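The values are calculated or read from the model by the stated rules, or taken from the named source; none is laboratory data. Because the structure is a prediction, the values reported are computed rather than measured. Virtual Cβ from ideal backbone geometry, glycine too; neighbours counted across all protein chains shown. Remember, those area values only see protein heavy atoms, side chains included, never the ligands or the DNA or RNA. Shrake-Rupley method; radii C 1.70, N 1.55, O 1.52, S 1.80 Å.
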Amino acid sequence: MIVTCSTVVLLLSGLTAIAAGELPKPFVCAAQMEINSTEAALKNALFCGTSYNPRYRPVKYQQDRLAMYIGAEVINVEKVRNYDSRLEITLELLMQWYDAFLHWNKRTSGNIETINVAEQDLWTPTFAAKSFQRSPRIQNTKQCTRVKCHLSYDGEVIYTVLCTFTVDCYTEARYWAFDTKICTLRIYSVEYDTNQLSLFHFQRRLSYPSYSLLPYKITSFQMATVNSTMSPEFRMDIVIERLVGSHLVVFLVLIVMFCFLNLFSLWFSIDTSARTIAVVLGTVMQGMFLVILYWYGMVKMKPVITLAHLLLGSFALGVIAFGWTYYARGQITSRKGCTECPLAVIQTISCLRKNRPLTSFLSIGYLNGSIKKDTLSPEWEDNLPEANRQTQVRNLPQDDDTASTTNDDSDVTWQDMVQPVDRILFCAMLTMYLLMFIVYVF
């Protein structure tokens, strides 16, 4: 018994014929005088004129094994609410077997080759369905809908049902831009063993639809029959993939823009409105976007959680830039810019400025001008007042080098310090961003 292309063509033609009509009702035996069509007479002869019993396997001898071909086509895939690893998969199950008792001579029956019958009129199988994962839930094909039965003159039965099964899947998290789930569904017989029923699957070229099942896409659909166990089993391995790369790229681009905004804000003068707008806008928008990302990752798309962690680091650096801006501005404006800088800060910058490349970098001005007209020159002592240098010369024989440096640096104010501190903070933030993105990628 080999399934040929004509079988599939016959099935498709039968499905088209009754697509617009109602499903056939159970046949009711009638007297010979009440039969008014050749098809009704044929059904009456098959189901009423014989001792056919739909509760028994359609084999001549009970020790015979019934061979059944089974296949499936995925119709739809949906996620079960509140369950991340559980999907509802709608399948159209297609079964084919030969009934040893239901056949007729088409030449004497008006050349009728195929009739539509109700599933109550002939023997049909009942299968149980269960996830291959550890799941106690057992489903049944009795809950399936859109049942269609087609009986051919040679006893071939084509039986199709539309079933929706809840499948427990496990997530494959090796791929960054995809939410991949592997679902294995077992459909097996609870009534018959392998000595009574043997399953073979259709070798169909199209095992799943070519169109995308939003929001998922089927990347692999493998079917196999297992007859080595006590119960014949039809197993399906379905790999379902949801492309989240486009979402992640959008989120990642926004995070990179926020990072550049934090770095770019340090190149505006600290006492200008451009610096205020940059730090305030960056901090507020990152905070709002951070809440959205964490919510979206926990509710809809778990790969977003990693991006939320990345944005959290960027938000922390933005808060540091925000705090430094308002702290330095407060020190400058509260006492009319005459407050002396802490000695530790002056000594740190003085040490860095001993290196000529660092001196050139720390002396780079702002994009919108300096915070004061007399900016720091590459040499630290060049901006010191003449009176201070004379005092330094007079005090050198009396004090050591540390005391001289302390006396000189004590005249440097916050206006002179914010520019090199901004450059140092820029380098520190840029280094942190590079480390964060390297850790995220690898």
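How many residues are basic (Lys, Arg) and either open to solvent by 60 Å² or more (accessible area, probe 1.4 Å) or touching an Asp or Glu at 6+ places or on another chain (Cβ under 9 Å) (or both) if we restrict to region 274-295?
0
Residues being under 19 Å from TYR433 (Cα atoms) and either among the charged types (D, E, K, R) or surrounded by 17 or more Cβ atoms within 10 Å (Cβ to Cβ) (or both): count how many of those fall in region 255-273.
9
State which residue is most open to solvent (accessible area, probe 1.4 Å) when the search covers only region 22-33 and only residues that are over 56 Å from the mean Cα position of the chain (by Cα) and at pLDDT below 65.
MET33
Condition check ((1) surrounded by fewer than 14 Cβ atoms within 10 Å (Cβ to Cβ); (2) at pLDDT 85 or above; (3) of a type in the set (Lys, Arg); (4) farther than 15 Å from ASP99 by Cα) across all residues:
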| residue | (1), (2), (3), (4) |
| --- | --- |
| ASN36 | yes, no, no, yes |
| LEU42 | no, yes, no, yes |
| TYR52 | no, yes, no, no |
| ARG55 | yes, yes, yes, no |
| VAL59 | no, yes, no, no |
| ASP64 | yes, yes, no, no |
| ILE70 | no, yes, no, yes |
| VAL74 | no, no, no, yes |
| VAL77 | no, no, no, yes |
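Can you report the number of residues in region 313-345 which are modelled with pLDDT of 80 or more and open to solvent by 80 Å² or more (accessible area, probe 1.4 Å)?
Residues meeting the conditions: 3.
Restricting attention to region 224-248, report how many residues are surrounded by fewer than 18 Cβ atoms within 10 Å (Cβ to Cβ), modelled with pLDDT of 75 or more and not β-branched (Val, Ile, Thr).
Matching residues across region 224-248 total 5.
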